[in-house]
Amino acid sequence: MDQTVDILIEVFTWVGLGGFVALAVVAVGLWAADGTWLPADAVIDRDGDGPVARWIDDDGDVNSALLTDADAQTLGEAERATVWYRHGWRDRMRLVRRPTSLRTVIISAGGMLALGILCLVAGWVLYFARG
């Protein structure tokens, strides 16, 4: 029975630490592929087909983007909002700085790291407890 517990702890240690490294590499890739997003103060225009966010970027160009249903629901009846626009692109924006997929991968990597460290500590405690 002791060998089975030792094997399980060892396997979960390596799965946790290996999973952390793999997910950390994926997170860095997602972060790099996401590019540079800069903040801007946008005015929400509700005339016409649907709500439109209009802002001026760092180059002084005027940009606008039709809000998705989710973005419009998030903003509610607000007349102004802080948006994040993609540097070097026109008429592209979002309401958060980083994508939710990156946040999900980072949280998953943290969970795998916690699993690996917890099992590593448990393995050492069992090792010294048995003598």
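The values are calculated or read from the model by the stated rules, or taken from the named source; none is laboratory data. Small disclaimer: the values here were computed from a predicted structure and weren't measured. Heads up, the Cβs are rebuilt from the backbone with ideal geometry, glycines too, and the neighbour counts pull from every protein chain shown. Quick note on the areas: whole protein, heavy atoms, side chains included, nothing else; ligands and nucleic acids left out. Shrake-Rupley method; radii C 1.70, N 1.55, O 1.52, S 1.80 Å.
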Segment 58-99 - residue that is basic (Lys, Arg) and over 19 Å from the mean Cα position of the chain (by Cα) and, of those, modelled with the highest pLDDT: Arg80
So, in segment 43-57, of the ones that are over 19 Å from Arg98 (Cα atoms) and out of contact with any Asp or Glu (no Cβ under 8 Å at 6 or more places or on another chain), which residue ends up least open to solvent (accessible area, probe 1.4 Å)? Gly50
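With a cut-off of at least 3 residues that are touching a Leu at 6+ places or on another chain (Cβ under 7 Å) and without any contact (Cβ under 8 Å) to a residue 60 or more places away in the chain, name the strands (runs of 3 or more DSSP E) lying wholly within segment 1-94.
Here the list reads 80-86.
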Suppose we filter Ala72, Ala65, Ala40, Ala24 for residues that are surrounded by 12 or more Cβ atoms within 10 Å (Cβ to Cβ) and touching a Phe, Trp or Tyr at 6+ places or on another chain (Cβ under 7 Å); which single one remains? Ala40
Across segment 95-105, which residue is most open to solvent (accessible area, probe 1.4 Å) among those that are touching a residue at least 40 places away in the same chain (Cβ under 8 Å) and either touching a Cys at 6+ places or on another chain (Cβ under 8 Å) or part of a helix (DSSP H, G or I) (or both)? Ser101
Enumerate the pairs (first residue in segment 117-131 and closer than 13 Å to Phe12 by Cβ and of a type in the set (Gly, Ala, Ser); second residue anywhere and at pLDDT 90 or above and open to solvent by 80 Å² or more (accessible area, probe 1.4 Å)) with beta-carbon separation below 7 Å, excluding pairs fewer than 6 apart on the same chain, so at least 6 apart or on different chains. Gly123/Glu10
Within segment 1-21, the residues that are surrounded by 14 or more Cβ atoms within 10 Å (Cβ to Cβ) and either closer than 21 Å to Arg92 by Cβ or charged (D, E, K, R) (or both) are Asp6
